[in-house]
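Since the structure comes first, as structure tokens, the remarks are kept for the end.
The values are calculated or read from the model by the stated rules, or taken from the named source; none is laboratory data. Given the structure is predicted, the values throughout are model-derived calculations rather than measurements. Neighbour counts are summed over all protein chains in view; Cβ atoms, including those assigned to glycine, are modelled from backbone coordinates with ideal geometry.
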């Protein structure tokens with residue numbers, strides 16, 4: 001590894017990085033705007049200046065942009081030199097000439113990279129006395145708020161939206177001092193990844209529109225690490241709360257899964273937590289035909305306990321509930337009476353996925369991005385697993401560039417010229433779907449057909465991998481050749497059994513040919529695969545069997561069963577007990593409704609499409625009558641067995657061998673840092689003593705959290721927590737999300753202490 | 001809507017390149033030559049013709065100061081404000097034209113005859129101060145020359 005000298009001190013750094021990347025990785029603070037670990041360098045902002053020296057005798061030096069300067073052995077530089085300090089302060093003064101200085105009313109204030117960098121450079125006195133250039137803002141739809149006057153022209157938005165994510169409707173207009181970032185005309189942003197602009201923009205041009213409804217600064221938010229349950233990818237998120245409302249959802253970095261970016265469904269799809277449809281009090285009805293009325297938790301529980309006692313009770317689980325909730329239900333009703341709350345098609349697909357994942361290796365999103373060829377069979381990924389589609393797009397973008405880079409060595413962070421060279425050349429991404437999808441434009445070849453035709457194409461590819469022939473005119477042969485030539489290939493499928501089998505056949509054929517190939521199977525919901533691992537009977541059997549008493553866990557039977565079947569089944573049921581967080585057609589027919597906590601208010605484990613168990617922690621304590629489902633179910637048993645989350649999680653690990661490693665997904669509630677819990681609130685959390693003063697002037701005791709090593713408090717450990725427990729990104733001088741740099745082993749690499757979660761499925765075939 | 005002639009010319013331009021989008025600037029010039037400027041509708045039509053998004057076309061159109069995204073007069077006057085012309089007193093020239101036409105830089109006369117715009121260089125330093133009207137270069141400008149030119153162009157239909 002090359003050695004560079006910073007102020008005459010030697011440091012070992014990785015050879016393929018630029019100087020900014022290397023210095024930030026070493027823990028030095030250099031201000032920057034346009035550089036982003038996932039978007040590379042463009043040298044647009046001129047902020048990251050350092051001084052380099054020819055040799056140890058050179059005392060004069062030369063100012064260079066560190067993001068555009070490759071690391072080389074023996075390079076000597078200084079970051080803290082009066083010349084560069086003055087240079088950087090001047091640059092930020094220029095950038096701020098037209099900036100409105102409207103921090104007090106800006107939603108970015110408090111987690112603004114521009115604020116941080118301004119303080120870091122020491123530019124603290126405004127000399128500009130003239131009129132400022134102003135822009136008209138656009139209405140960019142329900143998710144993103146636009147305030148163009150704050151722009152400092154770093155081009156990050158276009159580089160992410162257009163180049164990285166393939167969005168066509170946001171661009172840069174004008175030139176020199178008249179630069180405008182927005183749409184051709186006002187209108188909702190079309191990209192599925194538009195929400196990332198909020199985090200990519202270093203200042204307040206693009207801000208989270210739903211979050212603006214709840215005026216709150218970052219330091220006033222109570223946050224906890226969690227997992228998105230909107231699909232089976234299992235992206236890591238941070239839920240942020242204030243005044244009992246979920247204010248915003250931020251990306252939580254996970255090197256192997258979501259990296260720096262989320263899809264909009266994950267970022268903006270959790271409004272149900274604050275929804276009008278929430279069930280906040282237990283409900284019960286006196287008799288069939290009477291209406292549901294609010295009741296006390298004790299009354300609801302005693303009604304439910306009576307209904308359950310001495311009768312045949314069946315339980316219907318849910319792919320959107322945590323493993324622990326499903327396990328608690330299975331323990332209550334017995335394994336024979338536990339039905340997976342999946343539709344017929346979902347049931348078959350989930351069980352087949354499990355069997356295939358036990359046989360063949362799978363790939364994380366990071367492994368998909370860095371693979372050399374991919375084939376998508378049957379899935380419209382922008383709908384079923386959007387973040388995976390973004391990973392495949394990176395494969396398609398990177399591969400032709402990477403090949404050209406071999407011919408003409410330039411570092412990957414500085415590949416602008418190579419991208420000009422490859423133009424619209426596509427990487428080895430192939431897609432076969434029933435109709436056009438948004439991934440098609442990134443694919444080298446596209447096939448449209450019925451699902452059985454797609455399965456047929458998959459089998460033909462597998463056959464062509466087995467027996468390579470000279471003729472290359474058929475699509476199957478073309479795909480097979482690309483897959484065989486790849487160092488690492490990924491086959492993506494999901495949903496339909498025949499198509500999934502065909503995808504597995506391609507992976508098997510590639511592995512027979514000695515190639516490194518992985519199978520990725522999408523899952524529709526956050527815990528679909530976990531539910532299949534827990535095991536249970538098919539929901540269609542329940543319609544046939546019927547039962548006197550049915551407990552439905554966080555599920556709407558009308559979404560899983562044909563209308564007539566669901567109606568007939570519920571009519572035959574004498575007592576229906578439903579646990580859910582929001583009103584559904586099933587809760588409307590229930591005799592007892594127990595209000596369940598949402599994912600943002602619960603601790604639980606979810607298993608993603610790879611079989612990775614990940615822990616989510618409650619960002620805020622649920623309202624008094626709202627409880628996590630596993631707690632309700634535990635209370636329905638004759639005596640309390642599991643006082644805390646760790647008890648239920650450990651019981652599950654013992655009872656179900658597949659989940660033996662599930663407790664390792666995150667540290668247990670007993671974990672302490674220097675004797676302290678990890679605070680969910682920042683040290684600057686304001687209004688603690690006054691926040692409920694309209695009810696009582698005495699400051700209430702913060703809720704206890706027996707379930708996790710996190711505390712509902714601003715007090716606790718100030719150390720950097722283990723990766724599974726990171727509740728916010730903050731470091732001295734770094735209030736914005738870019739503080740993440742301080743949490744990574746290497747910038748853009750895994751988190752310090754390893755990325756959280758644990759893979760539960762070991763395939764027979766070793767990768 | 002693009003007319004048949006414009007469509008045909010754009011198709012011809014596309015044939016010179018590997019990717020249709022490479023002909024974007026050419027297509028914008030084809031439209032502007034015929035319509036005087038490029039409207040929002042024209043941007044959308046060019047985008048359709050080249051399989052680009054309107055935002056991508058507009059990004060290019062707005063980058064170039066000589067692709068007009070707002071209506072201009074029948075004659076466009078480009079006055080050079082670069083260093084040689086500045087030394088030779090371009091400010092006096094601009095002031096004189098402004099007085100004669102009653103409009104400032106970036107504006108169009110109410111009768112729609114002239115638009116007055118600055119340009120960074122016309123490559124005519126030897127004849128500074130210089131300006132260009134409808135593609136014709138005029139150097140060694142004086143108040144008298146300008147008055148004469150304005151009369152000439154006012155009577156002239158756009159070709």
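A few remarks follow.
- Taken over the stretch A:66-98, the criterion of being in contact with a strand residue (DSSP E or B) (Cβ under 7 Å, 6 or more places away or on another chain) and free of Cβ contacts under 8 Å to residues at least 40 places away in the same chain is satisfied by A:81, A:83, A:84, A:87.
- Failed item, numbered, when residue B:62 is tested on (1) assigned to a helix (DSSP H, G or I); (2) away from chain A (no Cβ under 14 Å): (2)
- All of B:44, B:21 fail the test of being part of a helix (DSSP H, G or I), within 14 Å of chain A (Cβ to nearest Cβ), within 30 Å of residue A:138 (Cα to Cα) and modelled with pLDDT under 95, apart from B:21.
- Candidate set from the stretch B:47-59 (those that are out of contact with any strand residue (DSSP E or B) (no Cβ under 7 Å at 6 or more places or on another chain) and within 12 Å of chain A (Cβ to nearest Cβ)); member that is surrounded by the fewest Cβ atoms within 10 Å (Cβ to Cβ): B:51
- Residue A:239 being within 14 Å of another protein chain (Cβ to nearest Cβ), touching a helix residue (DSSP H, G or I) at 6+ places or on another chain (Cβ under 8 Å) and crowded, with 24+ Cβ neighbours inside 10 Å: no
- Check on residue A:110, within 25 Å of the chain's Cα centre (by Cα), surrounded by fewer than 20 Cβ atoms within 10 Å (Cβ to Cβ) and away from every other protein chain (no Cβ under 14 Å): yes
- Checking each residue in the stretch A:453-485 for being under 19 Å from residue A:439 (Cβ atoms) and surrounded by fewer than 21 Cβ atoms within 10 Å (Cβ to Cβ) picks out A:453, A:475, A:478.
- Among the residues of the stretch A:564-587, those identified as at pLDDT 95 or above and assigned to a helix (DSSP H, G or I) are A:585, A:586, A:587.
- Leading residue by the ranking (nearest to the chain's Cα centre (by Cα)) among those in the stretch B:133-152 that are in contact (Cβ under 8 Å) with a residue 40 or more places away in the chain and part of a helix (DSSP H, G or I): B:150
- Answer residue from the stretch A:164-181, given it is within 27 Å of residue A:441 (Cβ to Cβ) and more than 7 Å from chain B (Cβ to nearest Cβ) and is surrounded by the most Cβ atoms within 10 Å (Cβ to Cβ) among those: A:181
- Annotation note: of B:116, B:122, the sole residue that is assigned to a strand (DSSP E or B) and surrounded by 13 or more Cβ atoms within 10 Å (Cβ to Cβ) is B:116.
- Just one of the numbered conditions (1) under 17 Å from the mean Cα position of the chain (by Cα); (2) not in a loop (DSSP other than H, G, I, E, B) is not true of residue B:6: (1).
- One residue stands out in the stretch A:169-222 among those that are part of a helix (DSSP H, G or I) and over 19 Å from residue A:269 (Cα atoms): the one that is nearest to the chain's Cα centre (by Cα), namely A:200.
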